[in-house]
Amino acid sequence: MIDYDAIVIGGGINGIAAASMLSSKGKSVVIIEQQSELGGMAAHKREGPTAAHLLWNLNPKVIKDLGLGSISFDDLTSVDTICVCESGNHIRVKNSGAFYLDGRVVDTDGSFRKLTNRLSRYGVLLKKLAENAPFGTDDKLNSTQDILRLLRFGLSLKLLGKSQMRKFLQDILMNVSDFLLDDLPDGPLAGLLSADATRGQFSGPRNPGTVFNLVYRYGHGCELTRPTKGMENFFELLVNAIKKLNVDVKTHVRAEKIVIEEDAVKGVELADGTTVFSNTVLCSSGLNSMKKMVGISYLDIEDSRSIKNLRTMGTTAKVNLKLSKLPIFENIKGPINDCRFIVAPSVDYVDNAFNSCKYGHFSQTPVSESVFTFRQSEFWLSSIIQFVPSKLEGGWNEAAREHLKQVLVHSLSAFIPSLNELIVDFEVITPNDFAEDLGVEGGNWHHSEMSLDQIFNLRPTPRFSAYRAGPKGLYLCGSSSHPGGDIMGLSGRNAAIRVLRNTK
Ligand SMILES: Cc1cc2nc3c(=O)[nH]c(=O)nc-3n(C[C@H](O)[C@H](O)[C@H](O)COP(=O)(O)OP(=O)(O)OC[C@H]3O[C@@H](n4cnc5c(N)ncnc54)[C@H](O)[C@@H]3O)c2cc1C
């Protein structure tokens with residue numbers, strides 16, 4: 001008995017994107033989500049605001065599949081960056097230009113703007129690759145579509161011009177420290193870009209390939225947005241959209257086992273004892289949790305080993321500080337919640353913070369990205385702290401959480417001197433908390449590290465890069481697949497396209 005054309009395990013952005021694509025093509029689909037609401041890691045919350053606070057690269061095609069074509073105009077607000085400087089000379093980055101808060105231009109020779117424009121040009125190329133399965137994942141380059149795509153990509157490289165093309169290929173593999181310091185002095189602007197390149201990663205700015213990560217992050221042209229009415233409202237919008245598309249949603253129930261007969265998927269057994277039937281299952285959980293649901297005997301030994309060897313260390317914590325009132329910033333024009341505040345005063349500072357993480361500690365001088373959020377008449381300062389290891393030496397206990405909060409507050413006090421007195425409550429959510437709640441090993445931002453050996457055709461593993469895994473009918477649709485994480489939705493969309501092609 002077949003109930004659905006497809007079952008999607010996990011209702012994060014990629015599960016939602018996969019389900020909407022399949023449903024818009026007339027397939028009957030159900031999403032199984034263990035949390036009480038959809039939204040996954042991005043929407044994960046305790047008392048305070050959600051884990052994700054900004055939209056990096058939300059893909060217009062995903063929004064269109066959901067039938068929300070006009071979302072970019074009505075519901076998203078563009079966000080400026082404030083680079084916090086100990087000297088008090090904070091810098092505002094807006095539309096790729098950098099200004100002191102009194103309006104003076106920072107980079108009078110225009111080198112920062114030229115650099116960010118170069119990154120945007122590169123981003124356009126990567127975006128083309130991100131919106132499709134990696135080349136040749138249909139075992140070989142055999143479809144006309146694949147060949148045309150490859151030719152088009154070759155042409156766009158060629159159109160860069162010979163020297164620019166050579167430069168692109170050289171730059172993309174570089175470490176972001178060398179790349180930035182070729183053009184910029186080491187200071188807050190170089191610090192900002194190196195922090196953006198390494199957020200969510202277990203790599204420091206001197207690791208090879210971190211330019212790729214920076215281009216990936218700026219993939220849609222350096223414009224950063226936030227949902228105007230908040231992240232929770234944004235996910236509500238997506239959930240309503242998939243319900244309109246007739247996708248069934250089962251929340252608060254865990255998928256326990258993927259049912260397999262004669263090496264083909266037959267459905268999913270749920271923790272409440274029921275079974276949902278389908279010949280197609282798309283899984284957006286972490287790969288180790290997929291392996292448990294499938295059962296090791298249904299995976300090739302080589303594949304099991306590749307999954308075990310994936311690098312999945314989580315390095316991002318969220319600290320939410322509830323404030324009695326909003327601090328006053330006389331020199332910041334415009335609404336304060338339309339800004340993100342970055343503490344990363346130099347590349348060296350970012351590299352030092354990474355060094356602590358390498359040895360199982362978090363830095364006493366952390367790299368952070370903070371936003372002010374208003375929720376139900378409460379004020380929160382919500383921070384993402386980088387380089388906070390899931391495998392903390394001594395383990396994650398209350399003292400370690402309190403200590404992490406203290407180092408954050410200390411580093412932000414250069415900017416908000418009264419911060420300590422304003423805090424009425426706080427919560428610290430560690431990478432391990434994300435791992436436990438969501439079934440994502442290490443609580444890794446991208447489910448597995450976005451490093452040169454785990455991208456494109458190598459993502460998540462060379463044999464699973466076509467979104468297919470193990471028994472017939474099983475697909476991977478989470479951010480461990482190409483192109484990776486952020487609130488982008490392309491791993492889910494690409495996987496759904498693959499399902500549609502294979503079931504024609
Ligand atoms: C602290 C932090 C802050 C972040 N901030 C941002 C940000 O500001 N902007 C941004 O763009 N990105 C941000 N990210 C990254 C972003 O959240 C992820 O890249 C994105 O959520 C990945 O989406 P996904 O759908 O692939 O996976 P997930 O969001 O992890 O969704 C997977 C879903 O599967 C469910 N699941 C797993 N196993 C089962 C099972 N057995 N049964 C049922 N359900 C199951 C989980 O509960 C989860 O809901 C942040 C990440 C972290 C950790």
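Here are some notes:
- Gain on full extension, evaluated as 0.36 nm per residue between residue 61 and residue 502 minus their Cα-Cα distance, stands at 156.7 nm.
- Counted by neighbouring Cβ atoms within 10 Å, the residues 83, 477 run from fewest to most as 83, 477.
- For the stretch 115-225, the Kirkwood estimate of hydrodynamic radius, built from reciprocal distances between every pair of different alpha carbons, is 15.0 Å.
- Cross-linked pairs 266/291; 114/158; 250/504; 25/244; 64/472; 291/391: Cα-Cα separations exceed 18 Å for 114/158; 250/504; 64/472; 291/391.
- Sparse-neighbourhood loop sites, GluC sites (Glu not before Pro) in the stretch 18-91 - DSSP loop, at most 14 other Cβ within 10 angstrom: 47, 86
- Our note on the geometry: Cα centres of the stretch 60-137 and the stretch 170-191, 17 Å apart.
- The overall shape of the stretch 28-182, judged from the alpha-carbon gyration tensor, is oblate: a/c is not under 1.5, and a/b is no greater than b/c.
- Ordering 100, 4, 475, 298 by the number of other Cβ atoms within 10 Å of each residue's own Cβ, fewest first, gives 100, 298, 4, 475.
- Ascending count of other beta-carbon atoms within 10 Å, so fewest first, for 482, 447, 44: 44, 482, 447
- Distance from the Cα centroid of the stretch 318-358 to that of the stretch 442-471 is 31 Å (rounded to whole angstrom).
- Using only alpha-carbon positions in the stretch 313-437, the gyration tensor eigenvalues give semi-axes of 25, 17, 12 Å once each is multiplied by 5 and square-rooted (largest first).
- 12 Å beta-carbon shell around residue 476, net charge (K/R +1, D/E -1): +4
- Fraction in percent of alpha-carbon pairs per bin - 10 Å, the chain: 4, 20, 31, 27, 14, 4, 0
- An oblate overall shape is assigned to the stretch 209-302, the ratio a/c of its alpha-carbon gyration tensor axes (a ≥ b ≥ c) being 1.5 or greater and a/b not exceeding b/c.
- Residue-averaged 222 nm ellipticity for the chain, from DSSP H runs of 4+ at -39500 (n - 2.57), nearest 500: -10500 deg cm²/dmol
All of the numbers you see were taken from the coordinates with simple rules; none came from a lab. Bear in mind the structure is a predicted one, so any value in this text is a computation, not a measurement. So basically every Cβ, Gly included, is an ideal-geometry build from the backbone, and we count neighbours across all protein chains shown.
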